[in-house]
Each structure stands twice: as C-alpha cells, then as structure tokens.
C-alpha cells in the first residue's frame, strides 16, 4: 500500500539545512493498522506528510497504492486517502453535516446521494442528533467524530491519523480508537497512526515503526488486544 | 434655525437627489470592481507572501509595491495623474464615468490589503486540511479560505465602502459630481453653510447605514 525507498528529507532550521528524515525504507501492507511511534521531534509527523504527498522528499522514492508519488500524481492519489488531525481541523463556519459533505463537494459528486451518505456516516459515528450543530458547540470527542465521518465520506483506501487522541480524555480516546478499529474491520481501510502515546499504538496497531532522530530504529509486530473502556481509577492503578 | 435648513433642503432638493444618485453610481461601480479584483489581488498577496503556498518574493514585491503606491499618492493628485488613462479607456478624462476609474483603483488597493490581512488571520493548518481532503488551489480559496475568513472580509469590505464614499467627495475635480462636490461648490464656496451641513448629515447617515449593515452581516455569518 505504501512503500518508502531510502527516503530523506531536509528542513531549513535557523538558515541551516537540517536532515529530519534520514534514509528511511519501510513498507505498509493493505488493511494493516500501522503505527509510527517516537518522541516529539523524531520525525514521525513528517513521515506522515511525506506519505500523503503534502511534502516532497529530497532523496528516495515513495510509492502510494503501487504508484510513484510525485508532483504529477499526488493530487490524484491523495483523493484516495484521508487524514485525521490532532486538532480536528474542521471548518468553524460550516455545520456538522456541511463539514462531512466537504470532501464530496470538492469531488463534485451528486449532492442528494451524498447527503444520505453523510447522514449514515454521522449515525455510524454516533452523531445523528448533531447534524445541524456548529463546531464551536461540540466537545473534543464529538469534533473528532465529525472529522472521522468526513474522512469516511470518500471511501478512502488509506487513512492517516496524526495524534488522533492526544487532545482527548481517556474515555473519549477509547471511543475514537474503537471507531478507528471498526473502520479498519468494516471497510478494510489501511490506517497509519502517528502517536507518542504507547497505549494508543498498543491498542490499535498490527505493526509499529519506532522512529528515532529521523530513522527507523526498529519495526515491531504486535498482537492487539480487544479494546475496552477503562476508568480513571483503573488507568491510574494499571502498570 | 431648523426652518432655515428645511427651506435650504427644499430649494436644493433636486440637486441633492441628483448628487446622491451620482455618488451612488460612482460608488456601486467602484465597489463591485474593488470586491472582485481586490479579492483576487489580496489572495495573490497572501499566497506569494511569507508562508504562502506559492511564496515568490518578486511577485509579492511588485504587487505589494503597486498596492502601496496607489494608496500613498494623495488621492486628489492620483485623480489628476490618472486622467490620461481615463482618456485611453473611456475616450474622456472627465465626468461621472471617468471618476469611477480612480475610485476603483483606490478601492482595489485598499480592499486587497484588507483581504491579505484577513486571510493571514485564518488558521494556518487550513491549507494542509484542504490538501488532505483533495482540494486544488481554487477550491482551497473558495471552499476553505473564503468560508473561514468571510466575516472578516465583510467588515473589511464595509470599511472599503466607507473609504470609497469619502474618496468620492473629491471627484468634482474631474466633473464627477456627487454629494461632496455639491457641499463644497454650492455650500462652502457660496457661503451656503446650511446646505453643507445637510449634506454632511446625509453622509453621516449613509456611513451609519453601511457600517451597521456590515456589522450585522458579519455577526450573522460568523459561526466560529
């Protein structure tokens, strides 16, 4: 699904060229939930933005859905993917259903069918009653659910998640992770998750790349456990 | 005293009405042109400026320079300087139609700078969001930037409109007429101060209506 071949990326920091991604080679299979874990500044979010073509590598090649990602192909390929952001990135001047409908509007798809689809998706993420609400009136968890419904609107083959639960509390995080897992199972969507939170990665991912200073330090296969909600007490007392 | 104002109003009623129509005629054309071209130039300044998606120092420097020059020339001199251009476009340098050209230029420059500022105020992540959702540059402008900046843009356009009303008062210099010209030529120069004050009050009322309407619209469409 995604292939990185010897990919490097430099940024200019204080007028100095700094290598943030250093000769990374990795491969992510179809239907996989793949984690990228590492400390803040390790380069994991940069890898995610290289994967969807938002930034270009300085060296090496990236293949997305068996096609080389470059200036010519990226706008077409990105339409088969979607992204969930840490700060939700919803449009405040649009209501919930308008936000969900936005990707299909961009693709100039039939409006009537899409309204029905958006309503179904809002029901899937548990927000049918908030269709006409504006974003400022939603909680963090509700905002992330809207973002997930928006993501699913175009039936993406691939979903990128950048710290999807770091702005959420324990219980809401569980609900969002459960939703992502359901999406992976129900729609067979490949999901790439970036997080600095080990519990998120452990709960969700089949394979994890540990990123250290722009390099892949290790790749680990995980057996994911069934997700279950935990109370604050359980979270505090667990090892 | 009030009787004197009523009397003056009755005498100049037709003149005031004609001048008001001239002002509105100049204003609406300049407003429409400023809205469309100012929006596009503001967007160009935004995308080619620091942090813009098509950062280009040369294009930004030239565009920004033209905007600054237009705004820095004293308007009354700008009207004169631009007369040859009016002749080239309309075949005449004078009259109400010729007045619309300098008024449109100053409106474009003023609004473009406001637009740039309003777009800079929008959340910086919005471009990445639009890219990730599959939008191209035009869709990024229409579906994302304009949507999120709309209340600021309405207030900016309100301010531009009020500036245009103020600029329109000196259009008499090239025969543009309008309320300002009537207030100066018939009111001030002819020592008819009551006429001058009547026109000042009409101008104040127009500004109040424009500003209040702008504020109401901006508040209504801001859902953030």
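Coordinate-derived values only; no laboratory data. What you see is a predicted model; the values in this text were computed from it and never measured. Here the Cβ is made from the backbone with ideal geometry for all residues, glycine too, and neighbour counts use every protein chain on show.
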**Complete:** Comparing A:209, A:217, A:147 in a Gaussian network model of chain A (Cα, 10 Å), the one with the largest mean-square fluctuation is A:217
**Message:** Test of understanding: ordering A:216, A:125, B:122 by Cβ neighbours within 10 Å, fewest first, what list do you get?
**Reply:** B:122, A:216, A:125
**Prompt:** By how many nm would the segment from residue B:50 to residue B:36 lengthen if fully extended, with 0.36 nm per residue of separation less the alpha-carbon distance?
**Reply:** 2.7 nm
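Note down the relative contact order for segment A:2-237 as a percent, whole number, built from C-alpha pairs under 8 angstrom at least six residues apart.
Values: 436 pairs, mean separation 65.1, N = 236.
Relative contact order, segment A:2-237: 28 percent.
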**Request:** Any chance you could give the angle, 0 to 90 degrees and rounded to 10, that helix B:96-120 forms with the longest Cα principal axis of chain B?
**Result:** 40
**Prompt:** How big is the gap, in Å, between the Cα center of segment A:42-74 and the Cα center of segment A:79-97?
**Reply:** 21
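Using only atoms on other chains, find how many Cβ atoms lie within 10 Å of each Cβ of peptide A:80-87 and report the average. Kindly include the intermediate steps, with their values, before the conclusion.
Working: counts 1, 3, 3, 5, 1, 4, 1, 3.
Taking the mean over all residues of the peptide, I get 3.
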**Item:** Ordering of B:39-45, B:188-194 by burial proxy (mean other Cβ atoms within 10 Å per residue, highest first)
**Value:** B:39-45, B:188-194
**Complete:** Between residue B:21 and residue A:25, the FRET efficiency computed from the C-beta separation at R0 = 51 Å comes out, to the nearest 0.05, as 0.10
**In nm, spacing of pseudo-spin labels at residue B:190 and residue A:217 (7 Å Cα→C-beta vector)** = 8.8
**Request:** When a/c is below 1.5 the answer is rounded, else prolate if a/b is larger than b/c, else oblate, so apply that to segment A:2-237 with a ≥ b ≥ c taken from the square roots of the Cα gyration tensor eigenvalues.
**Result:** oblate
**Prompt:** Among B:111, B:28, B:46, whose mean-square fluctuation peaks in a Gaussian network model of chain B (Cα, cutoff 10 Å)?
**Reply:** B:28
**Request:** For peptide B:56-68, compute the average count of partner chain beta-carbon atoms within 10 Å of each residue's beta-carbon.
**Result:** 0
**Item:** Separation in nanometres of the label points that stand 7 Å from Cα toward Cβ, at residue A:199 and residue A:87
**Value:** 2.5
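Indicate the gyration tensor shape class of the protein assembly as shown (rounded, prolate or oblate), computed on the Cα atoms with a ≥ b ≥ c the square roots of the eigenvalues: a/c under 1.5 is rounded; otherwise a/b larger than b/c is prolate and the rest oblate.
On the way: a/c = 3.31, a/b = 2.25, b/c = 1.47.
It is prolate, given that a/c is not under 1.5 and a/b is the larger ratio.
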**Asked** When ranked by the protection proxy of mean other Cβ atoms within 10 Å per residue, highest first, what sequence do the peptides A:43-50, B:13-20 form?
**Response** A:43-50, B:13-20
**Request:** Return the distance in nm (one decimal) between the two label points of a simple spin-label model at residue A:139 and residue A:13, each offset 7 Å from Cα along Cα→Cβ.
**Result:** 3.8
**Request:** Give the calculated FRET efficiency between residue A:108 and residue B:212 to the nearest 0.05, with a Förster radius of 45 Å applied to their Cβ-Cβ distance.
**Result:** 0.75
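Rounded to the nearest 0.05, what FRET efficiency is calculated for residue A:178 and residue B:72 with R0 set to 56 Å and r the Cβ-Cβ distance? Mind dumping the intermediate values first?
Numbers: r = 60 Å, r/R0 = 1.08.
Once rounded, the FRET efficiency stands at 0.40.
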**Request:** Have a look at A:178, A:112, A:120 and tell me which one the Gaussian network model of chain A (Cα, springs below 10 Å) gives the largest fluctuation.
**Result:** A:112
**Message:** Using a 10 Å cut-off around each Cβ of peptide B:182-194, what is the average number of partner chain Cβ atoms that fall inside?
**Reply:** 0
